[in-house]
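Q: Please see the structure below; I have some questions.
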Amino acid sequence: MASLDDLKKRILSVKSTQKITKAMKMVAAAKLKRAQENAEKGRPYSEKMNNIILNLSNGISDKENAPKLLAGTGNDKVHLCVVLTSDRGLCGGFNSNIIKKAKAYFSKITSEGKNLKIITVGSKGYDQLKRQYNDKIVNKISFKESKNINFFDAEKVSKIIIESFQKNEFDVCTIFYNKFKNVITQIPQAQQIIPLKSSETGNDNAKDNYEFEPEEDEILGNLLPKNISTQIFKAMLENSASEQGSRMSAMDNATRNAGEMVDKLTIQYNRSRQAAITKELIEIISGAESL
Amino acid sequence: MSEEFKLEIVNPEKSFLSKEDVTEVLVPAYEGDMGILKDHISIISFLKPGILKVFSKSGEDKYYVEDGIIEFKDNTLSILTSSIFSLDKIDRSYVSQSLSDTEKLLSKEDLDDQSRFLISQKIDVLKSISSN
């Protein structure tokens, strides 16, 4: 049985842990609100972009000569996976969920005999993947310095992807991120961005007759790289909202658990203090009786 | 009959501007400046660096855009751009910084015609802004 002093120390330490987790929960809640707002504000842009691309790709008559970013290279050999994770830990299953999803995809790809290349965005993803897939990771990107998620960061990532696509280094590109549903639920997503999947560009009803200036394929050539930045940016926004949501619920749980632990330890502390008093009393009484 | 239509300018981060009472928009489209009035035919085009002018009942607003895509449909003009600045509030130091950066870009050798054209456009516009 732990001594009274030890128990006291443990109670204190659990209490201070609780203070930290509580503070982190508050911070995450505040950040979550902002991240959610940002994600909502960013939605019109990506939706409009999607619509325009859909209209354009419908307008293209010559599918054979469509830009490669839309149609693909015609091969399906090398898969590039971009895994978006956070830079900080203590956010529950947030990173592990993405990694789990990504790893399932990786093993599917490799079992089909295809080549795998990985780009990790965010240091936590790299930490979790480097042991098993170190030789597959071609690039790791981290935005620890940037406080907020901004479009330039997304552009940097998409630049790397597009450059390597133009060098024919991969055929299919998929991004992994967490989609924010609500504070307790985040759904890990795998989204193929190269070649663009027609099912993800929306419904066919939005077909319209447009004038194009310059020609369709020229606009499309200009637009598709932008769309990749937009998709990555959207994924980053969703991810940051998910990260904060996940952290908030994780810290909420931690705070509650710490509270339970403090209660349990306090009872134990009181009992053993009482036991010590009783023991002392018995000693005194029996000492007096023996006289 | 009203001559007004709707204008929406969106950034990746947020909605930059939304106006219901626009009468004319002058956009620096890739193949030359283009004025858009109500009931324009549906069009998609993209922008080169330049000055975007918005005319409405309340007056005239000018913006500097670096790139973007425009879509006009059902009397709604959507402009998607990642870099747009109101000309009244534009940061002088940003203009001069961006000007010198762009000039450096132009001195590179391995440019294709299209990007050379875009870059020199950008320099012209930035120069005209900073001289005002």
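The values are calculated or read from the model by the stated rules, or taken from the named source; none is laboratory data. In this text, all values refer to a predicted model and were calculated from it rather than measured experimentally. When we count neighbours, we look across all protein chains shown, and the Cβ atoms used for this are built from the backbone with ideal geometry, even at glycine.
Q: Can you tell me which residue among A:Ile175, A:Ile194, A:Ile219, A:Ile184 is within 14 Å of chain B (Cβ to nearest Cβ) and touching a residue at least 24 places away in the same chain (Cβ under 8 Å)?
A: The unique qualifying residue is A:Ile219.
Q: Considering only residues that are in contact with a helix residue (DSSP H, G or I) (Cβ under 7 Å, 6 or more places away or on another chain) and assigned to a helix (DSSP H, G or I), look in segment A:168-209 and name the one that is modelled with the lowest pLDDT.
A: A:Thr201
Q: May I ask you to say which residue of A:Ser240, A:Ser272 is at pLDDT below 95 and more than 22 Å from the chain's Cα centre (by Cα)?
A: A:Ser272
Q: Considering only segment B:88-132, how many residues are polar (S, T, N, Q), under 19 Å from the mean Cα position of the chain (by Cα) and part of a loop (DSSP other than H, G, I, E, B)?
A: Summing the residues that are polar (S, T, N, Q), under 19 Å from the mean Cα position of the chain (by Cα) and part of a loop (DSSP other than H, G, I, E, B) in segment B:88-132 gives 1.
Q: Would you mind finding the one in A:Lys9, A:Lys68 that is farther than 22 Å from A:Phe151 by Cβ and in contact with a helix residue (DSSP H, G or I) (Cβ under 9 Å, 6 or more places away or on another chain)?
A: None of the other options fit; the residue is A:Lys68.
Q: For segment B:70-82, indicate whether the set of residues that are modelled with pLDDT under 85, outside any strand (DSSP E or B) and closer than 22 Å to A:Glu155 by Cα is non-empty.
A: The answer is yes; a qualifying residue exists.
Q: Taking the stated definitions as given, is A:Ile137 closer than 15 Å to A:Lys234 by Cβ and away from chain B (no Cβ under 14 Å)?
A: no
Q: Okay, moving on. Condition first: surrounded by fewer than 18 Cβ atoms within 10 Å (Cβ to Cβ), of a type in the set (Gly, Ala, Ser), over 25 Å from A:Ile228 (Cβ atoms) and facing another protein chain (nearest Cβ under 10 Å). Can you find one or more residues in segment B:18-28 that meet it?
A: So far as segment B:18-28 goes, yes, one or more of its residues are surrounded by fewer than 18 Cβ atoms within 10 Å (Cβ to Cβ), of a type in the set (Gly, Ala, Ser), over 25 Å from A:Ile228 (Cβ atoms) and facing another protein chain (nearest Cβ under 10 Å).
Q: Testing B:Ile44 on (1) among the hydrophobic types (A, V, I, L, M, F, W, C); (2) over 12 Å from the mean Cα position of the chain (by Cα); (3) more than 9 Å from chain A (Cβ to nearest Cβ), one condition comes back false. Which one is that?
A: With (1) among the hydrophobic types (A, V, I, L, M, F, W, C); (2) over 12 Å from the mean Cα position of the chain (by Cα); (3) more than 9 Å from chain A (Cβ to nearest Cβ) applied to B:Ile44, the lone miss is (3).
Q: Taking the conditions exactly as written (surrounded by 16 or more Cβ atoms within 10 Å (Cβ to Cβ) and in the same structural domain as A:Ala39 (by TED's automatic domain parsing)), does A:Met236 satisfy them or not?
A: Considered against the rule, which asks whether it is surrounded by 16 or more Cβ atoms within 10 Å (Cβ to Cβ) and in the same structural domain as A:Ala39 (by TED's automatic domain parsing), A:Met236 comes out as yes.
Q: Would you confirm whether or not segment A:46-67 contains a residue that is within 14 Å of chain B (Cβ to nearest Cβ) and either surrounded by fewer than 16 Cβ atoms within 10 Å (Cβ to Cβ) or on the phi > 0 side of the Ramachandran plot (or both)?
A: Scanning segment A:46-67 turns up at least one residue that is within 14 Å of chain B (Cβ to nearest Cβ) and either surrounded by fewer than 16 Cβ atoms within 10 Å (Cβ to Cβ) or on the phi > 0 side of the Ramachandran plot (or both).
Q: Across segment A:75-125, what is the number of residues that are buried (at least 17 other Cβ atoms within 10 Å of the Cβ) and free of Cβ contacts under 8 Å to residues at least 24 places away in the same chain?
A: Within segment A:75-125, residues that are buried (at least 17 other Cβ atoms within 10 Å of the Cβ) and free of Cβ contacts under 8 Å to residues at least 24 places away in the same chain number 0.
Q: For segment B:1-50, name all the residues that are in contact with a helix residue (DSSP H, G or I) (Cβ under 8 Å, 6 or more places away or on another chain), in a strand (DSSP E or B) and without any contact (Cβ under 8 Å) to a residue 24 or more places away in the chain.
A: Passing the criteria: only B:Ser15.
Q: Given A:Ser57, A:Ser13, which one is closer than 29 Å to B:Thr76 by Cβ and assigned to a helix (DSSP H, G or I)?
A: Exactly one of A:Ser57, A:Ser13 is closer than 29 Å to B:Thr76 by Cβ and assigned to a helix (DSSP H, G or I), namely A:Ser57.
Q: So, one more: Show the residue pairs that are 6+ apart or on different chains and have beta-carbon atoms under 6 Å apart, the first residue being within segment B:71-89 and at the interface with another protein chain (Cβ under 7 Å from one of its Cβ atoms), the second being small (Gly, Ala, Ser).
A: Here the result reads B:Glu71/B:Ser78; B:Lys73/B:Ser42; B:Leu80/B:Gly68, each pair linking segment B:71-89 to a residue that is small (Gly, Ala, Ser).
Q: Still on this structure: What are the residues in segment A:239-274 that are in contact with a helix residue (DSSP H, G or I) (Cβ under 6 Å, 6 or more places away or on another chain) and under 29 Å from A:Tyr45 (Cβ atoms), if any?
A: Of everything in segment A:239-274, those that are in contact with a helix residue (DSSP H, G or I) (Cβ under 6 Å, 6 or more places away or on another chain) and under 29 Å from A:Tyr45 (Cβ atoms) turn out to be A:Ser240, A:Ala241, A:Glu243, A:Gln244, A:Gly245, A:Ser246, A:Arg247, A:Met248.
Q: Pick out, from segment A:63-160, the helices (runs of 4 or more DSSP H) lying fully within it that include 2 or more residues that are touching a Gly at 6+ places or on another chain (Cβ under 7 Å).
A: A:94-111
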